[in-house]
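The values are calculated or read from the model by the stated rules, or taken from the named source; none is laboratory data. All of these numbers come straight from a predicted model, not from anything done at the bench. Heads up, the Cβs are rebuilt from the backbone with ideal geometry, glycines too, and the neighbour counts pull from every protein chain shown. To get the accessible areas, we keep the full protein, side chains included, count just its heavy atoms, and leave off ligands, DNA and RNA. Shrake-Rupley method; radii C 1.70, N 1.55, O 1.52, S 1.80 Å.
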Amino acid sequence: MYRKVTISEVKKESDSVCTLRFADSTPAGPGQFVMAWLPGVDEVPMSLSYLGGSKGITVNRVGDASAALCSLKKGDTLAVRGPYGNGFIFRKEKRMLAVGGGAGMAPLAPAIETAAGLGIKVTTAIGARSGKELLFVERMKKCSQVLVSTDDGSMGHHGFVTEIAADLLKKEKFSLIITCGPEKMMSKVFDLASRYKIPAQASIERYMKCGIGLCDSCSIDGLLVCRDGPVLSDRQLKGTDFGQCWRDACGRKIPTR
Ligand SMILES: Cc1cc2nc3c(=O)[nH]c(=O)nc-3n(C[C@H](O)[C@H](O)[C@H](O)COP(=O)(O)OP(=O)(O)OC[C@H]3O[C@@H](n4cnc5c(N)ncnc54)[C@H](O)[C@@H]3O)c2cc1C
Ligand code: FES
């Protein structure tokens, strides 16, 4: 069922990323997503970057739907359904490492806040192409230790965020790793988690149509990302095409970039 929400705030996070906030009391957990529908444009899955009564989605402008979402103003309306899917699961972890790349920080931010609220000590490694594109650094500093990396060296470590993760794992013990970002990056994080025998969870993107387990378009070797994910564990993803390929709107397999 769709509900109409009114945009209460638009925040420009960087040249290509914006956050839309809207009042919505529907219960949601960290890592869940909504289907955001702009009639006449498209309907796309969007992770919730803020939970609670004033929810938020953080949109990276790459094509038609994301550009239309980024053009919304305070007072405009948007149709949403959900939240859907399974989010991040926290048990009795003491130390957690969160690794986010680019707009991948959208689902990670509320997960890190939730984990910190449960008493888990969190280290957050945030990566982006440049310092201007780093997402939620100040927000994450309020609940975790933060390290940043940039591809161009304009802020923090000059290089990939996975290099920060590799360095941290050499020095410190973690009981859980969570990640979201480009799939090649997440795949590398899973390799590190496997090397250090630490359970890992990733928020995965796949092409979605229905969002509720009916159409099979988001299938990843038998798992449906909309229903079984979008957060999937290392155990669930073992032996799948995660990190290697995904399916386009027609179901054709495309190598992961
Ligand atoms: C569970 C889930 C959660 C998601 N959460 C978010 C979120 O929080 N924020 C967000 O911005 N997006 C998120 N997405 C992606 C989003 O649903 C759309 O796929 C994305 O906005 C592109 O739609 P579009 O119509 O704007 O671009 P399209 O017309 O689909 O694509 C335009 C061009 O951009 C490329 N492209 C498509 N997607 C991406 C991408 N993710 N990164 C880089 N290039 C891309 C395409 O290959 C194409 O060349 C999520 C997807 C899933 C499955
Ligand atoms: S989007 Fe239809 S089954 Fe997942």
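Ordering LEU134, GLY82, SER66 by the projection of their Cα atoms onto the charge dipole of the stretch 1-160, which places +1 on the Cβ of Lys and Arg and -1 on the Cβ of Asp and Glu, puts GLY82 at the extreme positive end. The heavy atoms of SER25 present about 110 square angstrom of accessible area, all protein chains included, probe 1.4 Å. The translational diffusion coefficient of the stretch 1-154, from Stokes-Einstein at 20 °C and 1.002 mPa s with a Kirkwood hydrodynamic radius over alpha carbon pairs, comes to 134 µm²/s. Ranking of PHE90, PHE160 by solvent-accessible surface, largest first: PHE160, PHE90 (1.4 Å probe, protein heavy atoms only, all chains present). Normalised per residue, the accessible area of the chain is 48 Å², obtained with a 1.4 Å probe and no contribution from ligands, DNA or RNA. Placing unit charges on the Cβ atoms only, positive for Lys and Arg and negative for Asp and Glu, gives the chain a dipole magnitude near 640 debye about its Cα centre. The stretch 109-154 and the stretch 189-257 have Cα centres lying 23 Å from one another. Among MET46, MET155, MET1, MET140, the order of accessible area from largest down is MET1, MET155, MET46, MET140, computed with a 1.4 Å probe on protein heavy atoms. With no solvent and one equal point scatterer placed on each C-alpha of the chain, evaluate the Debye formula and give log10 I(q)/I(0) for q = 0.09, 0.11 Å⁻¹, two decimals. Calculated log10 I(q)/I(0) at the listed q: -0.36, -0.56. As a calculated quantity, the FRET efficiency between LYS170 and ALA79 at R0 = 35 Å, using C-beta atoms, amounts to about 0.15. Here the stretch 195-242 is treated with +1 on each Lys and Arg Cβ and -1 on each Asp and Glu Cβ, and its dipole about the Cα centre works out to around 200 debye.
Each Cα pair under 8 Å and six or more residues apart adds its sequence gap; the mean of these over the residue count of the chain is a relative contact order of 16 percent.
Excluding same-chain neighbours fewer than eight residues apart, the lysines reachable from LYS141 by a Cα-Cα span under 24 Å are LYS11, LYS12, LYS55, LYS92, LYS94, LYS121, LYS132, LYS170, LYS171, LYS173.
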